[in-house]
Amino acid sequence: MKNEQVIEVNDVTKSYGKVQAVQGISLSVEKGEVYGVIGPKGAGKSTLLEMLMGVRKADSGSISVLGLDVDQEEETLKHKIGIQLQATSLFDRVKVKEALKQFHSYYNKTRSLDEIIGLCSLQPYLNKYVRKLSGGLQQRTALAIALVNDPEVIFLDEPTAGLEPQARAELWDIVQLMKEEGKTILISTHDMEEVQTHCDRVAVVVEGKLFASGTPDELIAQLPGGDGTMEDVYLQMAVFQNGVSA
Ligand code: ADP
């Protein structure tokens, strides 16, 4: 039986003036996958993710998430997806519990706040200001907020950037729990060890194009000699090819 496709991207492009940020990417993501998006800085990962979230409009091509067209059915989709916002200015002046309550109030279908607080181990920090928390706790708060509407698809744009190993591990634990619940997770990261350990499949984006995609093992098998790590895949595909033959 064919697995359920939750995200389908078909020949999507996006330019900012003369910068062709995304140049004809097609990919699909199955229900329950942890799908990684990797590539050098400026490759177009955030632009791609933002188009999938419905935050940015593609110039051409089509994107459907949960069978809904992201442009035409944006309002419906908003209630079904979770977006990890960067924990900066948006909830700077509020406490963790206030931020959670506020976002909780935006949705009709929600998950219990107590459950989310438990999942993200935020109990000790509920009365602390978000901006006073460590980077790891801010990211956990942002992830908790992304879960308030009990989303079927969760988008995480570099959630572990700048975090120390313990905080990274805690964040991936939550991602793993979400996967076990059957959620689909799209995540961009620069940490190849994380990709190798946690991602079911990976898209390598280079200069706005899909350079390669597959499971970490499949990508590693494409390396000369057929072995190595995702770090080697990244170096070979994303960096050395960049500007040479990609
Ligand atoms: P990544 O997430 O892989 O670092 P981005 O999607 O942020 O890549 O950027 C892709 C390209 O588009 C880069 O050249 C970047 O400078 C450019 N870019 C991104 N956002 C904008 C914007 N709002 N306006 C103009 N150029 C942008």
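Return a yes/no flag: does the stretch 17-29 have any residue that is buried (at least 21 other Cβ atoms within 10 Å of the Cβ) and more than 14 Å from the ligand (Cβ to nearest atom). Looking through the stretch 17-29, at least one residue is buried (at least 21 other Cβ atoms within 10 Å of the Cβ) and more than 14 Å from the ligand (Cβ to nearest atom). Each residue in the stretch 52-97 was checked for being assigned to a helix (DSSP H, G or I) and either among the charged types (D, E, K, R) or modelled with pLDDT under 90 (or both), and 7 of them qualify. For F103, the conditions (1) part of a loop (DSSP other than H, G, I, E, B); (2) under 30 Å from A21 (Cβ atoms); (3) open to solvent by less than 70 Å² (accessible area, probe 1.4 Å) all hold with the exception of (1). Evaluate the stretch 166-173: report whether one residue or more is within 18 Å of the chain's Cα centre (by Cα) and aromatic (F, W, Y). Scanning the stretch 166-173 turns up at least one residue that is within 18 Å of the chain's Cα centre (by Cα) and aromatic (F, W, Y). Right, E4: of a type outside the set (F, W, Y), in contact (Cβ under 8 Å) with a residue 60 or more places away in the chain and open to solvent by 40 Å² or more (accessible area, probe 1.4 Å) or not? So E4 does not fit the description; no.
Of the candidates K209, K183, the single residue that is touching a residue at least 40 places away in the same chain (Cβ under 8 Å), surrounded by fewer than 22 Cβ atoms within 10 Å (Cβ to Cβ) and within 16 Å of the ligand (Cβ to nearest atom) is K209.
Please verify whether D59 is over 26 Å from R111 (Cα atoms), within 16 Å of the ligand (Cβ to nearest atom), acidic (D, E) and open to solvent by 20 Å² or more (accessible area, probe 1.4 Å), treating the condition exactly as stated. Yes: the conditions hold for D59.
Selection of first residues in the stretch 46-59 that are within 16 Å of L77 (Cβ to Cβ) and free of Cβ contacts under 8 Å to residues at least 40 places away in the same chain and of second residues that are assigned to a helix (DSSP H, G or I) and more than 12 Å from the ligand (Cβ to nearest atom), restricted to Cβ pairs under 8 Å at least 6 apart or on distinct chains, gives the following pairs, ordered by first then second residue: G54/E74; G54/L77; G54/K78.
The values are calculated or read from the model by the stated rules, or taken from the named source; none is laboratory data. Bear in mind the structure is a predicted one, so any value in this text is a computation, not a measurement. Glycine also receives a Cβ, built like all others from the backbone with ideal geometry; neighbour counts cover every protein chain displayed. Accessible surface areas use protein heavy atoms only, side chains included; no ligands, DNA or RNA. Shrake-Rupley method; radii C 1.70, N 1.55, O 1.52, S 1.80 Å.
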